[in-house]
Amino acid sequence: AQSVTQPDIHITVSEGASLELRCNYSYGATPYLFWYVQSPGQGLQLLLKYFSGDTLVQGIKGFEAEFKRSQSSFNLRKPSVHWSDAAEYFCAVVNQGGKLIFGQGTELSVKP
Amino acid sequence: DGGITQSPKYLFRKEGQNVTLSCEQNLNHDAMYWYRQDPGQGLRLIYYSQIVNDFQKGDIAEGYSVSREKKESFPLTVTSAQKNPTAFYLCASSIKGADTEAFFGQGTRLTVV
């Protein structure tokens, strides 16, 4: 069965520092991968998605992610974090049957 | 404006009562989903539907029921069989197909006392 793992429950970075959030997936075929962001008490907003083609994808708010099939990973990156990036981030995978599965989430705190 | 609407935002119920959470979308999406969110556990899939009059169980369907009589509506009933119903519930929809993003509602926080 497919699954998504986000190894880091909570990460704290300083404002202006770079960020990398890890995501590993388990899926037999080529996965459809997503990163979403959630502010407290709100729904989720899509940051970026990967279906095929270029393994480095650009998203909104200056985020990017790289698909590495050999490592079954889809890590999210940002070169310079802003205080407004503090939120919870979710990695997700969807299968051909349309089942959308999320990881446990990584909470990001930003130090001034 | 197109979107997905969950109501109410906050809901309180007594233990042993069934309660129905509303989810409506006007995006003309075929697929709809219900998730439960608990601290530290991410989003867990309860039920999903790819088309009207059809739905599938997710990973934690026990104690929940759904219906999909209309394309735009996918209500979730939390029954008295759900042992720990207090949680944040999120509804989502997407155009049918694996390669499309899901759009989320703002969630309903259910508290059972």
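Since every read-out is calculated from the coordinates, none of them should be taken as a lab result. None of these values were measured; they are calculated from a predicted model. Glycine also receives a Cβ, built like all others from the backbone with ideal geometry; neighbour counts cover every protein chain displayed.
Can you pull out the chymotrypsin sites (Phe, Trp or Tyr not before Pro) in segment A:1-68 that DSSP calls coil and that have at most 15 other Cβ atoms within 10 Å?
The qualifying sites are A:PHE51.
Considering only the other residues whose Cβ falls under 11 Å of the Cβ of B:SER80, what net charge follows from Lys and Arg at +1 and Asp and Glu at -1?
+2
Can you sort B:THR86, B:THR108, A:THR30 so the residue with the fewest Cβ neighbours within 10 Å comes first?
Arranged by neighbour count, lowest to highest, B:THR86, B:THR108, A:THR30 become A:THR30, B:THR86, B:THR108.
How many Cβ atoms of partner chains, on average, are near each residue of A:44-55 if near means within 10 Å of its Cβ?
2
Which of the peptides B:65-73, B:41-49 is most tightly packed, and how do the rest follow, going by the mean number of other Cβ atoms within 10 Å of each residue?
Descending mean neighbour count gives B:41-49, B:65-73.
In peptide A:33-42, what is the residue-averaged number of other protein chain Cβ atoms found within 10 Å of each Cβ?
2
Mind giving me the nanometre distance, one decimal, between the label points for A:SER14 and A:SER26, set 7 Å out from Cα along Cα→Cβ?
3.8
How many partner chain Cβ atoms sit within 10 Å of a residue's Cβ in peptide B:43-49, on average, as a whole number?
Partner-chain Cβ atoms within 10 Å, mean over residues of B:43-49: 3.
Subtract the Cα-Cα distance of B:ILE95 and B:VAL52 from 0.36 nm times their separation in residues, and report this length gain in nm to one decimal.
Here the segment from B:ILE95 to B:VAL52 would lengthen by 14.2 nm.
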